[in-house]
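Colleague: Below you will find the structure I want to go over with you.
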Amino acid sequence: MSDVVSDVVERAPDGETRTQFLEALQQMSALQAQLGEWKELHHILRDVLTSFSPFYTNLRALGHTEANPTSGRALLRGWRPCQTEVDRLMDFESRVEHIRLSWPGWSARIGSLRREVEDRLR
């Protein structure tokens with residue numbers, strides 16, 4: 001505990017006030033940890049979307065041309081930055097401690113979709 005918190009706890013008029021203060025402090029600490037994880041998830045999702053933008057543009061452009069092995073390899077190369085960011089998103093689930101995600105095991109589904117995309121690009 002910091003000196004300021006210790007000082008406030010010592011100055012509390014009674015045990016009940018001390019207990020309430022410490023409970024509020026614990027709740028604030030838990031909320032701060034949750035906020036940190038939501039912020040990290042937000043940044044990862046933003047990076048995923050940023051990496052998908054050029055890939056999607058190339059995919060649409062190649063959709064208007066005749067398919068050939070060269071275009072498939074180009075798409076696969078363009079997919080690599082997306083793959084990196086999707087991997088970061090999947091890794092996030094294994095590290096999350098303070099926020100509850102509504103769909104347990106969602107990274108397995110994302111991983112399955114990632115592999116499906118890669119299989120179709122090969």
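Colleague: For W38 and R77, what is the calculated FRET efficiency with R₀ set at 35 Å and r taken between the beta-carbons, to the nearest 0.05?
Modeller: On the way: r = 33 Å, r/R0 = 0.94.
The value I calculate is 0.60.
Colleague: If you take the beta carbon distance between R18 and Y56 as r and set R0 to 41 Å, what does 1/(1 + (r/R0)^6) give as a FRET efficiency, to the nearest 0.05? Don't skip to the answer; put the middle values down first.
Modeller: Values: r = 56 Å, r/R0 = 1.37.
Plugging the Cβ-Cβ distance into 1/(1 + (r/R0)^6) gives 0.15.
Colleague: Additional query: Take every Cα pair under 8 Å in the chain that's 6+ residues apart, average their separations, divide by the length, and report that relative contact order as a whole percent. Walk me through the numbers before you get to the answer.
Modeller: Working: 58 pairs, mean separation 34.1, N = 122.
Relative contact order, the chain: 28 percent.
Colleague: If you line up the Cα atoms of the chain on their principal axes, what length do they span on each, largest first, in Å?
Modeller: So the three principal-axis extents are 79, 23, 18 Å.
Colleague: Taking θ as phi - 60°, what are the ³J(HN,Hα) couplings along the range 34-45 by the Karplus curve (6.51, -1.76, 1.60), each to the nearest whole Hz, with x for Gly and Pro?
Modeller: Each residue of the range 34-45 in turn: 5, 4, x, 6, 4, 5, 4, 4, 4, 5, 5, 5 Hz.
Read-outs: derived from the displayed coordinates by stated rules, not from any lab. Predicted model, so just to flag it, every value in this text is computed and none were measured. Here Cβ is always computed from backbone atoms with ideal geometry, including for glycine, and neighbour counts include all displayed protein chains.
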